[in-house]
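To start, the structure itself, in C-alpha coordinates.
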Amino acid sequence: QVQLVESGGGLVQPGGSLRLSCAASGSIYRVNFMGWYRQAPGKQRELVARITSGGSTNYADSVKGRFTISRDNAKNTVTLQMNSLKPEDSAVYYCNGNITPRNTEWGVKYWGKGTQVTVSS
(Lines give C-alpha, C1' and ligand atoms only; values in the text may rest on other atoms or scores of the structure.)
Protein backbone atom coordinates (compact mmCIF):
# COMPACT_ATOMS: atom_id res chain seq x y z
CA GLN A 1 0.00 0.00 0.00
CA VAL A 2 1.14 3.51 -0.81
CA GLN A 3 -0.20 6.62 0.89
CA LEU A 4 0.20 10.33 0.27
CA VAL A 5 -0.38 12.55 3.27
CA GLU A 6 -0.60 16.32 2.95
CA SER A 7 0.02 18.95 5.58
CA GLY A 8 -0.21 22.71 5.60
CA GLY A 9 -3.00 24.77 4.14
CA GLY A 10 -5.41 27.00 5.99
CA LEU A 11 -6.63 30.57 5.86
CA VAL A 12 -4.39 33.42 4.71
CA GLN A 13 -4.90 37.01 3.64
CA PRO A 14 -4.30 38.11 0.05
CA GLY A 15 -0.62 38.65 -0.54
CA GLY A 16 0.31 36.15 2.14
CA SER A 17 2.17 32.86 1.95
CA LEU A 18 1.50 29.23 2.74
CA ARG A 19 3.55 26.09 2.52
CA LEU A 20 2.08 22.70 1.63
CA SER A 21 3.93 19.46 2.19
CA CYS A 22 3.20 15.92 1.11
CA ALA A 23 4.89 12.72 2.18
CA ALA A 24 4.68 9.43 0.33
CA SER A 25 4.96 6.28 2.41
CA GLY A 26 4.36 2.58 2.21
CA SER A 27 5.59 -0.11 -0.12
CA ILE A 28 7.50 2.13 -2.52
CA TYR A 29 10.06 1.05 -5.05
CA ARG A 30 10.43 4.38 -6.82
CA VAL A 31 8.77 7.77 -6.79
CA ASN A 32 8.64 9.02 -10.36
CA PHE A 33 7.07 12.42 -10.46
CA MET A 34 5.08 14.28 -7.81
CA GLY A 35 2.88 17.30 -8.02
CA TRP A 36 0.01 19.37 -6.77
CA TYR A 37 -3.43 19.81 -8.23
CA ARG A 38 -6.25 22.01 -6.99
CA GLN A 39 -10.00 22.09 -7.32
CA ALA A 40 -12.19 25.06 -6.57
CA PRO A 41 -15.96 24.72 -6.10
CA GLY A 42 -17.69 24.22 -9.42
CA LYS A 43 -14.43 23.86 -11.32
CA GLN A 44 -12.41 20.99 -12.65
CA ARG A 45 -9.30 19.79 -10.90
CA GLU A 46 -6.27 21.45 -12.45
CA LEU A 47 -2.54 20.94 -12.35
CA VAL A 48 -0.72 23.52 -10.23
CA ALA A 49 2.86 22.28 -10.37
CA ARG A 50 4.77 19.09 -10.98
CA ILE A 51 8.34 17.96 -10.44
CA THR A 52 10.19 14.94 -11.82
CA SER A 53 12.65 12.78 -9.93
CA GLY A 54 15.41 14.70 -11.68
CA GLY A 55 14.08 18.04 -10.51
CA SER A 56 12.47 19.30 -13.70
CA THR A 57 9.41 21.38 -12.96
CA ASN A 58 6.40 22.75 -14.72
CA TYR A 59 3.77 25.17 -13.45
CA ALA A 60 0.35 26.39 -14.38
CA ASP A 61 0.59 29.81 -15.98
CA SER A 62 -1.55 31.27 -13.21
CA VAL A 63 1.02 30.45 -10.51
CA LYS A 64 4.31 31.00 -12.31
CA GLY A 65 6.57 33.33 -10.39
CA ARG A 66 4.53 32.94 -7.20
CA PHE A 67 4.65 29.22 -6.39
CA THR A 68 7.69 27.00 -6.07
CA ILE A 69 7.65 23.21 -6.00
CA SER A 70 10.52 21.18 -4.57
CA ARG A 71 11.12 17.63 -3.46
CA ASP A 72 13.34 15.58 -1.22
CA ASN A 73 13.97 12.28 -2.94
CA ALA A 74 15.51 10.71 0.15
CA LYS A 75 12.38 11.41 2.18
CA ASN A 76 9.83 11.00 -0.63
CA THR A 77 8.37 14.39 0.10
CA VAL A 78 7.22 17.26 -2.06
CA THR A 79 6.65 20.83 -0.96
CA LEU A 80 4.72 23.68 -2.54
CA GLN A 81 5.71 27.15 -1.39
CA MET A 82 2.94 29.57 -2.26
CA ASN A 83 3.65 33.30 -2.16
CA SER A 84 1.65 36.37 -3.13
CA LEU A 85 -1.55 34.40 -2.74
CA LYS A 86 -4.71 35.63 -4.39
CA PRO A 87 -8.36 34.89 -3.62
CA GLU A 88 -8.54 32.90 -6.85
CA ASP A 89 -5.95 30.51 -5.42
CA SER A 90 -8.55 29.31 -2.93
CA ALA A 91 -9.23 25.62 -3.49
CA VAL A 92 -8.67 22.16 -2.14
CA TYR A 93 -5.09 21.23 -2.99
CA TYR A 94 -4.29 17.60 -3.71
CA CYS A 95 -0.93 15.94 -3.68
CA ASN A 96 -0.38 13.61 -6.61
CA GLY A 97 2.35 11.10 -7.23
CA ASN A 98 3.29 8.64 -9.93
CA ILE A 99 4.86 5.90 -7.84
CA THR A 100 6.12 2.45 -8.67
CA PRO A 101 5.20 0.14 -5.79
CA ARG A 102 7.50 -2.69 -4.79
CA ASN A 103 7.14 -5.86 -6.84
CA THR A 104 5.67 -4.01 -9.79
CA GLU A 105 7.18 -2.67 -12.98
CA TRP A 106 5.00 0.32 -13.74
CA GLY A 107 4.01 3.56 -12.10
CA VAL A 108 0.64 4.05 -10.46
CA LYS A 109 -1.04 7.36 -9.85
CA TYR A 110 -1.85 8.09 -6.23
CA TRP A 111 -3.71 10.96 -4.61
CA GLY A 112 -3.74 12.52 -1.19
CA LYS A 113 -7.01 13.40 0.52
CA GLY A 114 -6.58 17.12 -0.06
CA THR A 115 -6.05 20.18 2.08
CA GLN A 116 -8.06 23.38 2.00
CA VAL A 117 -6.41 26.67 1.10
CA THR A 118 -8.52 29.79 1.57
CA VAL A 119 -7.26 33.24 0.60
CA SER A 120 -9.50 35.91 2.02
CA SER A 121 -9.38 39.15 3.95
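What to note about this one:
- Counted residues, region 69-80 - those being within 20 Å of residue 118 (Cα to Cα) and either surrounded by fewer than 16 Cβ atoms within 10 Å (Cβ to Cβ) or of a type in the set (A, V, I, L, M, F, W, C) (or both): 2
- Of the residues making up region 1-52, those that are open to solvent by 70 Å² or more (accessible area, probe 1.4 Å), within 17 Å of residue 71 (Cα to Cα) and not aliphatic (A, V, I, L, M) are 3, 19, 29, 30, 50.
- Residue pairs whose Cβ atoms lie under 6 Å apart, sitting 6 or more positions apart in sequence or on different chains, and linking a residue in region 56-77 that is among the charged types (D, E, K, R) to a partner that is loosely packed, with under 15 Cβ neighbours inside 10 Å, are 66/83; 66/84.
- Residues that are under 15 Å from the mean Cα position of the chain (by Cα), open to solvent by 20 Å² or more (accessible area, probe 1.4 Å) and farther than 13 Å from residue 46 by Cα within region 81-100 comprise 81, 83, 98, listed in sequence order.
The values are calculated or read from the model by the stated rules, or taken from the named source; none is laboratory data. Everything numeric here is computed off the predicted structure, so don't read it as measured data. Methodologically, a virtual Cβ is constructed for each residue, glycine included, from the backbone with ideal geometry; neighbour enumeration extends over all protein chains shown. Side chains are part of the model used for accessible areas, which takes the heavy atoms of the whole protein and leaves out ligands, DNA and RNA. Shrake-Rupley method; radii C 1.70, N 1.55, O 1.52, S 1.80 Å.
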